[in-house]
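Down below is the structure, laid out as C-alpha cells.
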Amino acid sequence: MSLSRHISWTAISQVVRQVLQVAVGIVLARLLTPEDFGLIGLTAVFVFFAGIFADLGLGAAIVQRKDISEHDLDFVFWLNLSTGIALSLLTILSSPLIARFYHEPRLITITALLGLSPAISSLGLVPGSVMQKEFRFKALAVADMVTVVVSGGIACWFAFRGFGVMSLVIQALVTQASSVALRWGMVNWRPTFRLSWKTGRRLLPFGAGLLGSSVVNYWFRNGDNLLVGRFCGAVQLGLYSRAYNLMMLPVSQVHSVLSPVLFPTLSSVQHSKAEVRRIFLFANQAIAVVAFPLMLGLAVVADDFVKVLWGDRWLGAVTIIRVLAIAGVGNSVYTTTGWIYMAMGRSDRMFWWTMVVSPAYLLCFALGLRWGALGVSIAFALAVCVIFWYPTWRLAGSLIDLSFSQAMLNLRGPFICALLMALGVLALRLALGAALPPAMRLSVSVLVGACVYIGAIQIANVPAYMLIKGRVVGKVYQTFRR
C-alpha cells in the first residue's frame, strides 16, 4: 500500500474525528461552565504527566527499530504495564496533595479517577505500535473514529443529565478504555512471559532520550496551565484551556494525519538525508496548506465563533483565542522538527535542546502571568514565533542538511495565500459591521475566506496543495465512475 493510501486513511479518520470533536465540544460548552473545564485542566497537568512515564518512549522505539522481535514486544509490554500501574497508584495517592496545592477539595475525587489513565493506556501501547509499524492505518483509523463516537456520546449524555465536571472525567476514561479494547481486538499479537533483559535493553537508549525530551517538553507545554490554574483560578484556566485546545485542534489533527505515517516512513529512509529532507519538506508544506488558513481565519472570526458556537459565557476567551491562533500559525510547523530527531535516531540531541529551551519558556509564562491568561498566551506566542524560531529550525535541520532559508521558503506560498485570505475577510467584516447577525456574518466570512484562499493558492501553484487536490479529485472521480 502506497504512502498516499496510508495518509488517505489517516486523513479520513482525522477529518471525521475533528468534526465529531468540534460537535461534542460545542454541546459540552453549552451544557457545562468554564469552571468545569478549568477543574479538569487543574488536575490534567499532573495526570497527563504520569501518562508520559507510562510510555517510557518505547512505543516509538518499536516503530523506529527495524529488527524488533517477539521478545522485545514482551519486554516492552510488561515493563510499560508495571510502570503504568505504579504511576496510577502514585497519582491516586497524591490526589489530596494536588487538591491542597490548588486549594480546591473537589480535585481529590477528580484526580483519583483520572489517575487510572496511566494503567489503562499502558495496555494499548504495544498493540498500537505494532499496528503503526505494520502500516495498518485503516484499522487504526476505524478504531479512532469509533472511540470518539463512543466517548463523545457518553460524555454528552452525562452532561445533559447534570453530572457537570464528572462527564469530562468519564469521557477521558472511556476514550482510553475503548481505544485499548479496539486495538487488542485488531492485532494477533499476545504477550507471553518470555522476557529477555539482554534483548530488550537495546531499546532503552532511544526510549530514554525520547522520554527525557517528552518529560521536559511536557512541563514547558503545560507550565502555562499550571501557572494560570494556580494563580488565576479555575475560571481563567477554563477560558485559557478552551482557547488553547481550539488553537491546537486543527494543528493536532493535521499532525495526527501525517505523524503516524511519516515517522515509520522517514525512519525507513534514514540512511539518505536527501530523501528524508524531501519527504519532510513536502509534509511540512502540506501542514501549512491546511493549518495556516485555519489559524489566521480563526483569529479574524473569533468573536462570532464564540458567540454562535459556545455562547456568551465564553466571550472572555475571544482575545486569548486570537493571540493563540496567530501563535498557531508558527506552532503548526514548528513542532514538526521532532520528526527529524526521531527518524534519524537522535533523541539524545532532542532531549538536550529541550533542556535548554524549557526553562526559558517557563520564564516567559511567569512574566506574562502578571496580565493573567491573556499575558500567558502572548508569552507563548512570542516564545514560539520569535525567540526560539530560528535556533529550533537550525539545530534540527542540520541533521538532514536543511538550511533555515530553505525551510522558510518552503512555507512562503501557503503563508502569503493565508494572509491574503485573512486580510480579505477582515475587510469584509469591517464593511458589514453590525448589518448581519453573528451567525450569518460567520457563515459569510467562512465562505468568502475559503473561496479567496482556494483561488490564491491555486494561482500560487503550491506543490503540496496541487498534489492534495489531485488526490481528492481523483478519488471523487473514481467514486462516481463506479
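The values are calculated or read from the model by the stated rules, or taken from the named source; none is laboratory data. No experiment lies behind these values; they were computed from the predicted model shown. Cβ: placed from backbone, ideal geometry, glycine included. Neighbour counts: every protein chain shown. Heads up: the accessible areas ignore ligands, DNA and RNA and are worked out on the full protein's heavy atoms, side chains in. Shrake-Rupley method; radii C 1.70, N 1.55, O 1.52, S 1.80 Å.
Computed quantities for the displayed model
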item	result
Karplus-derived 3J(HN,Hα), 6.51/-1.76/1.60, for each residue of region 408-419, Hz, glycine and proline x	6, 4, 5, 9, 4, x, x, 5, 4, 5, 5, 5
Simple label model, 7 Å out from Cα along Cβ direction - residue 412 to residue 23, nm	4.2 nm
HN-Hα J in Hz across region 157-167 - Karplus 6.51, -1.76, 1.60, θ = phi - 60°, x for Gly and Pro	5, 5, 5, 5, 7, x, 7, x, 4, 5, 5
Point-to-point label distance, residue 271-residue 235, nm (Cα→Cβ direction, 7 Å offset)	6.3 nm
Cα-based Rg of region 344-415 normalised by 2.2 N^0.38 Å, two decimals	1.31
Area of residue 271 that stays accessible when all protein chains are in place (1.4 Å probe, Å², to 10)	150 Å²
Net length gained if the chain between residue 355 and residue 401 were fully extended (0.36 nm per residue, minus Cα distance)	14.2 nm
Heavy-atom accessible area ranking, 1.4 Å probe, most first, across 83, 147	83, 147
Kirkwood hydrodynamic radius of region 289-364, from inverse mean 1/r over distinct Cα pairs, in Å	14.7 Å
Largest-first ordering by accessible area, 1.4 Å probe, given options 109, 192	109, 192
Accessible-area order (highest first, 1.4 angstrom probe) of the listed residues 353, 157, 189	157, 353, 189
Accessible area of residue 307 in the full protein assembly, 1.4 Å probe (Å², nearest 10)	80 Å²
Area of residue 364 that stays accessible when all protein chains are in place (1.4 Å probe, Å², to 10)	30 Å²
Phi-based couplings in Hz for region 80-89 (Karplus 6.51, -1.76, 1.60; Gly and Pro marked x)	5, 5, 4, 5, x, 5, 4, 5, 5, 4
Cα centroid separation, region 316-366 to region 379-455 (Å)	17 Å
